[in-house]
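The values are calculated or read from the model by the stated rules, or taken from the named source; none is laboratory data. Keep in mind it's a predicted model, so treat the numbers as computed, not measured. Backbone-built Cβ (ideal geometry, glycine too); neighbour counts: all protein chains shown.
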Amino acid sequence: MNPCVIVGGGFAGMVAARRLQQIGVRATVLEKGDVDGGLGNAVISGGLLHIAWEPPDSPADVKRERLLAETSGEIDDELAGALASQSGNIIPWLQAEGVEMRAKTEEPATRWTLWPFRVGTGRRLLPDLGPSKAMQRLYERFREWRGDLRMGAAAHSLHRLSGGWQVGFQTEAGEASLEAGTVLFADGGFQANQEMLSRYVGPNAGLCLLRASTTGTGDGLRMLLENGAEAVGLGRVYGHLVSINALESDELWPFPHLDELCMVGVVVTRHGDRVPVDTSAVGLVTRMARSEDPRGFAVVFDEEIWNGEPGRGKLGLPAPNPELMRRGAHLVSSDTISGLAQRLACKPDRLARAIAAHNTVRGACPVSRPPFHAARVIPGITFTMGGAKIGPDAAVRAPGGRAIPGLFAAGSTAGGIQGGPNGGYVGGLATAATFGYIAAESIAAYVQSAAKSARSRASPGQPDGG
Ligand SMILES: Cc1cc2nc3c(=O)[nH]c(=O)nc-3n(C[C@H](O)[C@H](O)[C@H](O)COP(=O)(O)OP(=O)(O)OC[C@H]3O[C@@H](n4cnc5c(N)ncnc54)[C@H](O)[C@@H]3O)c2cc1C
C-alpha cells in the first residue's frame, strides 16, 4: 500500500508533495491536467501571496487578527491559529524551492508576488510568467527527487479499505486505482461544476461566469462527502463582478473588474430595482450568485464617477475607463435617466426610484451628473469558499469533530477558512500552500504512527524502536 496519494497537482497538492519528499514520505500525485504545473487556478492566478491582505511573513498575531476581521469571525478559530502561525514558513520554503517572488507595488500585501508578474486574459496558459513558472518549478523538483507524478489522471472514486483507502482514477489508457494509507484531496473547489453550484450556492448559480480554470469540478469534495466528511460554508464563493460580455469574450476577465463601480454606483436588477450594497464586492458576488437572475444585473453611474478622479472607491482604483469599451464591453449612456432606462429595457420610474434611493444613503457617491451610464454586470466565480471541514492539522472531520483516519484536505477543497457575511476573502494561494504544508507534516506523523502500530501488532510485547 502507498503511504500517500495526492489528488490534484495544484498549489496545495504540490507544496504537500514536495514537503512529504523532504520529510521522507513517498507520495503519488494524480493530476487531471496533462501540462506540467497542472491546469488549475494556480497557473492562471495573479500570483499574489497574502494572508487576509497581510504578507505571509508578518507576525502571527497580526495575521490572526486580520483573518478574524476579514471573515467577521466566521473562520474556524483553530484554523485561523494554524494558518496565522504556519504561513510564516511558506515564503522561505518557496524561495528554497527556487520559486521567484517580487514586490508588485508598495502595498505590503503585494510584497510576495510570483515573478514575472502575470498579465493576460482568461484561461490562457502563459508558461513564462510567475504563476506557471512557480508550478513548473515544483513539478521539476518533485521529479528530480523521483516523485511519482501521474499526468492526465482524474480521480473519481474513494473506497475505504482495512488500514487505508482505494482511489479510482481515469487516464487516457483507461481505469486504474491505487491503494494508500492516506489521501490528500487538493483538487481545487467546485466552481466549474454547475450542478454542485446549483445545489450548494443557489439554484441559478451555474449561470455565473466561471472566472477560473475549468478543472475545479468538486470531485474531491464529492468523494469526501460520500465517505462521511462534514461540509462547511458551502454557500459562499469568492470572485469579482465583471462585464456580462465576459461570457463571450476572454478579453473581459479576469480584468477589468467592475467591483469599484458597483461599490460607488447603483446596482439594479433587470427590472431597474435597486440592490442595496451593504457588503463588499466579494460579498455581492455571493449574493448575486444566489439570486434567481445572476445574469440580470446592471450598474448605473454618472459622469463624475466615470470620468472623475480615481480614488472614490474603497481601493482607490480608477473606473475601468476606457479599458472596458476598448475590450468590447456593453456600456450605454444617456443624458436622462429615462433615456438610460430605455437603453437598459427597464421601466423609467423604477430606475429613477432606485437612483433617488441610492442618493439619499448617507455617505453614498451621488449619481446625479449627466450623462448617466450603465454596464451590465455578472458575478464571476473564481473559487468556492466552502468545502470539507478540516482541523488545524488538515485532517478531514466527520460531523461531531472526529478526524476520519487517513483523509486530509487542503486548498479550495477545504472549507472553514474563507467566508463571512462581507465576502471574507483571506487569499487563495498562501492559504493553499500553508494547508498543503501542514497536511504534509500531519500525513508524515500519521504514516509513522500507523507503521508503529503495525509493528507492535506484528510483535506484541516487543519494545518499540528496538
Ligand atoms: C484569475 C485568477 C486570479 C487569482 N489570483 C490570485 C492571487 O493573486 N492571489 C491568491 O492568493 N489567489 C489567487 N487566485 C486563487 C488561487 O489561484 C487559488 O486559490 C489556488 O490556486 C488554490 O489552490 P488549490 O491547490 O486548492 O487549487 P488549484 O491551484 O486549482 O489546483 C487544483 C489541481 O487539481 C487538479 N484536479 C482537479 N480535479 C482533479 C481530479 N479529479 N483528479 C486529479 N486532479 C484534479 C487540477 O487540474 C489542478 O491542477 C486566483 C485565481 C484565479 C482563477
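Of all residues in segment 55-78 being hydrophobic (A, V, I, L, M, F, W, C) and farther than 20 Å from Thr382 by Cβ, which is surrounded by the most Cβ atoms within 10 Å (Cβ to Cβ)? Working first, answer last.
Going residue by residue through segment 55-78, those that are hydrophobic (A, V, I, L, M, F, W, C) are 60, 62, 67-69, 75.
Add one more test, that the residue is farther than 20 Å from Thr382 by Cβ, and what stays is 60, 62, 68-69.
On the way: Ala60: 15, Val62: 14, Leu68: 18, Ala69: 15.
So, considering only residues that are hydrophobic (A, V, I, L, M, F, W, C) and farther than 20 Å from Thr382 by Cβ, the one surrounded by the most Cβ atoms within 10 Å (Cβ to Cβ) is Leu68.
Can you work out which of the residues in segment 396-433 that are among the small types (Gly, Ala, Ser) and farther than 25 Å from Ala69 by Cα is surrounded by the fewest Cβ atoms within 10 Å (Cβ to Cβ)?
First, the residues of segment 396-433 that are among the small types (Gly, Ala, Ser): 398, 400-401, 403, 406, 409-412, 414-416, 419-420, 423-424, 427-428, 430, 432-433.
Within this subset, residues satisfying the condition of being farther than 25 Å from Ala69 by Cα are 398, 400, 403, 406.
Numbers: Ala398: 15, Gly400: 6, Ala403: 17, Gly406: 22.
Taking the candidates together, the pick is Gly400.
If you go through segment 105-134, how many residues are part of a loop (DSSP other than H, G, I, E, B) and of a type in the set (Gly, Ala, Ser)?
In the first step, residues of segment 105-134 are kept if they are part of a loop (DSSP other than H, G, I, E, B); the result is 105-107, 111-112, 115-129.
Keeping just the survivors that are of a type in the set (Gly, Ala, Ser) gives 120, 122.
So the answer is 2.
Within segment 166-204, work out how many residues are more than 10 Å from the ligand (Cβ to nearest atom) and either of a type in the set (Asp, Glu) or over 27 Å from the mean Cα position of the chain (by Cα) (or both).
12
Report every pair of residues separated by at least 6 positions or lying on different chains whose Cβ atoms are under 7 Å apart, first residue within segment 432-448 and more than 18 Å from Leu48 (Cα to Cα) and more than 11 Å from the ligand (Cβ to nearest atom), second acidic (Asp, Glu) and modelled with pLDDT of 95 or more.
Pairs found: Ile438/Asp393; Ser442/Asp393.
Condition check: crowded, with 21+ Cβ neighbours inside 10 Å, among the hydrophobic types (A, V, I, L, M, F, W, C), within 11 Å of the ligand (Cβ to nearest atom) and over 30 Å from Ala155 (Cβ atoms). Does Ala52 satisfy that?
On the way: crowded, with 21+ Cβ neighbours inside 10 Å: yes; among the hydrophobic types (A, V, I, L, M, F, W, C): yes; within 11 Å of the ligand (Cβ to nearest atom): yes; over 30 Å from Ala155 (Cβ atoms): yes.
So Ala52 fits the description; yes.
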